[in-house]
Amino acid sequence: MDKGIVYGVGVGPGDPELMTLKAARVIRACPVIAAAGKTVEESRAYQIAGAVIPEIGEKELAALSLPMTTDEEKLKRARLEAAERIEKYLDAGLDVAYITLGDPTIYCTFSYLQPVLEADGYRVKLVSGIPSFCAAAARLGIPLTEESEELHVIPAFYNDGKSLSFPGKHVLMKSAGRIREVKALLKENGLQAQAVENCGMPEEAVYRSVDEIPDDAGYYTLILV
């Protein structure tokens with residue numbers, strides 16, 4: 001029996017209409033849908049895909065425990081366990097679609113499972129999705145780059161602010177939990193910024209200045225500087 005293939009599938013930033021035709025085709029074709037979280041049904045990626053593919057609920061759903069922690073040992077153990085669970089489906093000849101917000105190559109938990117799966121001899125394919133910062137820029141009606149302008153994608157949660165001195169525009173991702181610090185850094189450096197919270201989702205909010213961004217902005221808040 002041939003082993004199954006695991007697909008890392010980006011479903012886009014939040015608006016179901018921004019999910020690609022290829023993502024929809026792969027999800028429809030895979031008998032198993034995997035996602036990070038206590039249940040697959042609670043994941044944003046599943047809710048987005050479900051709006052396009054109602055029959056997704058009829059598939060085998062595999063919820064993978066991938067905690068957000070800085071404990072390297074816990075992370076390593078969780079990733080190995082998640083990969084092993086996927087491998088059981090692949091060994092049975094079943095294809096698996098690991099669905100994720102945005103694009104699977106940008107700050108995606110699947111990126112940590114991929115090398116484990118490949119090292120164990122399994123085939124992995126990635127299906128690109130529209131990144132959140134592209135969707136946010138479109139929502140704000142601004143270009144991300146012009147002519148020779150540079151674009152820097154920065155994980156704000158892990159950043160000390162030095163990257164903000166780089167020339168060009170800056171995308172600050174993973175700002176939740178540090179919004180107040182990020183706002184202070186922007187003001188200290190005299191930088192202008194706009195933000196989109198929950199881009200493309202029903203609870204979307206747009207902030208046109210640093211002062212407008214609430215200190216308790218949610219996890220899916222993206223800042224364009």
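The numbers here are math on the coordinates, done by the rules we state, and not lab data. From a predicted model like this one, the values you see are computed outputs, not experimental measurements. Quick reminder, even Gly has a Cβ in these numbers, built from the backbone with ideal geometry, and neighbours come from all protein chains shown.
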Within region 5-127: Cβ-based charge dipole about Cα centre, in debye rounded to nearest 20 (Lys, Arg +1; Asp, Glu -1): 140
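Compute, for the chain, the length of the dipole vector about the Cα centre, with Cβ point charges of +1 (Lys, Arg) and -1 (Asp, Glu) only. Units Debye, rounded to 20. Please report the intermediate quantities before stating the final value.
Values: 24 positive and 33 negative charges, 48 e Å.
My answer is approximately 240 debye.
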Sparse-neighbour loop sites [trypsin sites (Lys or Arg not before Pro); region 1-88; at most 14 other C-beta within 10 Å; DSSP]: LYS38
Estimated distance in nm for a label pair at LYS88 and PHE157, the labels positioned 7 Å out from Cα along Cα-to-Cβ: 2.8
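Could you calculate the contour length gain from LYS187 to GLU149, that is, 0.36 nm times the residue separation minus the distance between their Cα atoms, to one decimal place in nm? Intermediate results must be reported in sequence, preceding the final value.
Values: separation 38, 0.36 × 38 = 13.68 nm, distance 2.20 nm.
Computed gain between LYS187 and GLU149 is 11.5 nm.
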Shape category assigned to region 132-224 from the gyration tensor of Cα positions, a/c cut at 1.5: oblate
Length-normalised contact order for region 107-225 - Cα pairs under 8 Å, 6+ apart - percent: 24
Additional length obtainable on full extension of the chain from ASP2 to ARG178, 0.36 nm per residue less Cα span: 58.7 nm
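Could you please rank THR221, THR105, placing first whichever residue has the fewest other Cβ atoms within 10 Å of its Cβ? Numbers along the way, then the final one.
Values: THR221 26, THR105 16.
The order, fewest Cβ neighbours first, is THR105, THR221.
Report for region 130-225 the percent antiparallel among DSSP-assigned beta bridges with both residues inside it, nearest 5.
Values: 9 of 14 bridges.
Beta bridges within region 130-225, antiparallel portion: roughly 65 percent.
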Proxy reagent accessibility, fewest Cβ within 10 Å first, across VAL52, VAL96, VAL171: VAL52, VAL171, VAL96
Antiparallel %, DSSP beta bridges [both residues in the chain], to 5: 30
Residues with amide H under 5 Å from that of ILE5, placed H, sequence gap 5 or more: ASP95, VAL96
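Can you list the GluC sites (Glu not before Pro) in region 149-202 that are in a DSSP coil and have 14 or fewer other beta carbons within 10 angstrom? Present the calculation step by step, with values, prior to reporting the outcome.
Values: sites: GLU149, GLU150, GLU181, GLU188, GLU197; in loops: GLU149, GLU150.
Of the GluC sites (Glu not before Pro), the ones in loops of region 149-202 whose Cβ has at most 14 other Cβ atoms within 10 Å are GLU149, GLU150.
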At R0 = 25 Å, FRET efficiency that the Cβ-Cβ distance of VAL206 and THR70 yields, to 0.05: 0.20
Length gained when the stretch ALA51-ILE142 is fully extended (0.36 nm per residue, less Cα-Cα span): 30.0 nm
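How would region 1-75 be classified by its alpha-carbon gyration tensor: rounded, prolate or oblate, with rounded meaning a/c under 1.5 and the a/b versus b/c comparison settling the rest? Display every interim value, and only then the final one.
On the way: a/c = 1.88, a/b = 1.33, b/c = 1.42.
Oblate, since a/c reaches 1.5 and b/c is not below a/b.
Which helices pass in the chain if a helix is a full DSSP H run, must span at least 24 angstrom along its long axis by Cα, and must have mean Kyte-Doolittle hydropathy not below -0.5? Display every interim value, and only then the final one.
On the way: long enough: 72-91 (28 Å, -1.31).
The qualifying helices: there are none.
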Residues MET201, MET1, MET173 arranged by fewest to most Cβ contacts within 10 Å: MET1, MET201, MET173
